[in-house]
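As structure tokens, the structure follows; a few thoughts come after it.
The values are calculated or read from the model by the stated rules, or taken from the named source; none is laboratory data. Remember, predicted model here, so these are calculated numbers, not experimental data. Here the Cβ is made from the backbone with ideal geometry for all residues, glycine too, and neighbour counts use every protein chain on show. In case anyone asks, the SASA skips ligands and DNA or RNA and just uses the protein heavy atoms, side chains included. Shrake-Rupley method; radii C 1.70, N 1.55, O 1.52, S 1.80 Å.
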Amino acid sequence: MERYDLVVIGSGPAGEKGAAQAAYFGKRVALLERAPHVGGAGVNTGTIPSKTLRESALYFSGLAQRGLYGIDYTVKPDLTVQDFMFREHEVVRTLREVVRENIARHRIDLVHGQGAFEDAHTVRVTRAEGGTLRLHGDVILVATGSVPSRGREAAVEDPRIYDSDTILEMPRLPQRLAVIGAGVIGCEYATIFAALGIRVTLIDGRDRLLPFLDAEIADRLRLQMQALGIEVRLAERLTGIAPAPDIVRLGLADGTAVEADSVLVAAGRLGNTGTLGLERLGVAVGERGHIPVNEHYQTAVPHVYAAGDVIGFPALAATSMEQARVAMCHAFDLKYKTRVAPVFPLAIYTIPEIAMAGETEETCRAKGIDCCVGRAPYRQNARGQIVGDLAGLVKLVFRFPDKTLLGVHVLGEAASELVHVGLMVLQAGGTIDTFINAVFNYPTLGDAYKYAAYDGLGNLQRRQTG
Ligand SMILES: Cc1cc2nc3c(=O)[nH]c(=O)nc-3n(C[C@H](O)[C@H](O)[C@H](O)COP(=O)(O)OP(=O)(O)OC[C@H]3O[C@@H](n4cnc5c(N)ncnc54)[C@H](O)[C@@H]3O)c2cc1C
């Protein structure tokens, strides 16, 4: 049996970074991956494919340029799924290589096969090419990620019904697409396909899009989705899917039906723990297959750690990587990092893009925090005018009356990048005066922070003077 300081199960963002962290500090590391390619959902089926398809949709639709140059851009009429997927294949292929190089550079032993616990220190690997081997790990990191969940109503087998993994194998672009589930993945794909001119119906049982967003931003997203031609049907419960020869019919609880050529089920994800043999360790998983961990990412067995989607919320690539690093720092007493930063950014790559960090107006209210807001619309920003994004907005939420920044919300071009400016101030515990006193490049979207802060200052003074 091969002996390692660390055995990592899964080569997604959590597994790769956890393995690299330990190997960087001289530990002997084995990294197991059961899929043919390294990179997990982050590279192969989730983050990178969907973000690349978003860029492809913007390119083929000319959406970002529509109305700017006096030329009428429309979607290329004979656009094929091969055209649409071309760049996604290229980017995924390249990033798999980047992960593979990182693994090699850190002298990590990459083992292809399915891992399962034999006991608390032994992982049995069933190799893809046949045969098994056993690896001993002083420490074991479970980073097996998540799998799409279909939910009972959508558990119908039909080649026209996809989940977020199989959508990447769609043989042709449909004319009408129904998306079940208006979570992050559902909203992102709904806008991507709508940009291509596909008639999209987005269905969700909740009465708000993305309830964790600041309500003002969520409302603006809904309007933008409708402007893209998406039929947004909220507070609608799916009762069943009936595939017919040339149509798929979705029944809703209000008695109506939605007809589509294809369906994307984006009904959440489950922790990928089914075949790990965790019961042999006495590690119980939650209802959605997630592994409970403490603040150091230790499971009920102290030398067995878990990080990434397999432990549940927030299930993002960036937080998965950081959790794994923190876990390995604890496991090998590396000292330099002790926790994942409590404030982290969220980005939703819809069209338009959204990003946030910290509190919303609603969470402030729920926590009894007295807050004020400041807004800067992109249409009043020089760069916003240049790029033609007139619906964008930077919104700051800050504490009354001491101006401490509590939350930052951006909708529009480059939101996922812009949010980092606010994130740094949040992390430093700064006030909106930080933006007032800083000089921003001009013309930039970042400059909107300054004007959102001025607007906030005005709102604050109006409140103070009655
Ligand atoms: C459509 C979509 C879009 C997304 N967009 C974003 C985004 O824009 N930004 C963002 O931050 N996050 C995004 N995410 C989430 C992000 O992809 C995940 O949070 C991230 O990939 C989780 O990393 P992980 O390492 O925990 O798991 P994964 O990436 O799922 O990797 C787990 C790996 O473990 C392997 N594995 C599982 N079981 C075993 C076993 N028994 N033996 C060996 N190997 C095993 C799997 O094959 C897989 O390679 C998106 C997800 C989806 C589905």
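So here's what we get for this one:
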| item | result |
| --- | --- |
| Long-range Cα-Cα pairs in the chain (distance over 29 Å), rounded percent | 54 |
| Rounded to the nearest 20 debye, dipole of the stretch 327-377 from Cβ charges on Lys, Arg, Asp, Glu | 220 |
| Portion, in percent, of the accessible area of the stretch 97-253 that falls on carbon or sulfur, probe 1.4 Å | 49 |
| Top positive-direction residue, dipole computed over the stretch 322-417 with Cβ charges, set 410, 380, 369 | 369 |
| Extension reserve of the residue 235-residue 90 stretch, reckoned as 0.36 nm per residue once the Cα distance is removed | 48.3 nm |
| Of every Cα-Cα pair in the stretch 236-275, the percent that sits beyond 11 Å | 69 |
| Heavy atoms of residue 346 accessible to a 1.4 Å probe, total area in Å² rounded to 10 | 40 |
| FRET efficiency, residue 369 to residue 128 (Cβ-Cβ, R0 30 Å, nearest 0.05) | 0.05 |
| Backbone HN-Hα couplings from phi across the stretch 412-426 [Karplus 6.51/-1.76/1.60, Hz, Gly and Pro as x] | x, 2, 6, 4, 5, 7, 4, 4, 5, 4, x, 4, 5, 5, 4 |
| Residue-count net charge about residue 10 - beta-carbon cut-off 10 Å; Lys, Arg +1, Asp, Glu -1 | -2 |
| Residue-normalised accessible area of the chain, given per residue in Å² at a 1.4 Å probe | 45 |
| Gap separating the Cα centres of the stretch 14-57 and the stretch 220-278, nearest whole Å | 28 |
| Exposure of residue 111 as accessible area (Å², to 10), given a probe of 1.4 Å and all protein chains | 10 |
| Three-way shape call for the stretch 255-399 based on the alpha-carbon gyration tensor, with the a/c threshold at 1.5 | oblate |
| Lys, Arg +1 and Asp, Glu -1 on Cβ, resulting dipole of the chain about Cα centre, debye, nearest 20 | 680 |
| Extension gain from residue 227 to residue 172, taking 0.36 nm per residue of separation minus the Cα-Cα distance | 17.3 nm |
| Percent accessible area from carbon and sulfur atoms, the stretch 337-383, protein chains only, probe 1.4 Å | 50 |
| Those aspartates and glutamates that a straight Cα-Cα span of less than 15 Å connects to residue 337, excepting residues fewer than 8 apart in one chain | 295, 322 |
| Among the listed pairs 51/395; 367/395; 76/450, those beyond 31 Å (Cα-Cα) | 76/450 |
| Restricting the stretch 138-174 to trypsin sites (Lys or Arg not before Pro) in coil, as DSSP defines it, with at most 12 other Cβ within 10 Å | 152, 172 |
| Cβ-based charge dipole, the chain, positive-most Cα from 426, 232, 45 | 426 |
| Of all DSSP beta bridges in the chain, antiparallel share, percent nearest 5 | 60 |
| Relative packing of peptides 174-182, 131-139 - highest average C-beta neighbours within 10 Å first | 174-182, 131-139 |
| Cβ-defined net charge surrounding residue 388, 14 Å radius [Lys, Arg +1; Asp, Glu -1] | +1 |
| In the stretch 113-178, the GluC sites (Glu not before Pro) that fall in loop regions by DSSP, at most 11 other Cβ within 10 Å | 129, 157 |
| Inter-part distance where the stretch 60-127 and the stretch 328-387 are each reduced to a Cα centre, Å | 26 |
| Counted charge near residue 53, where neighbours are those whose Cβ lies closer than 10 Å (Asp, Glu -1; Lys, Arg +1) | 0 |
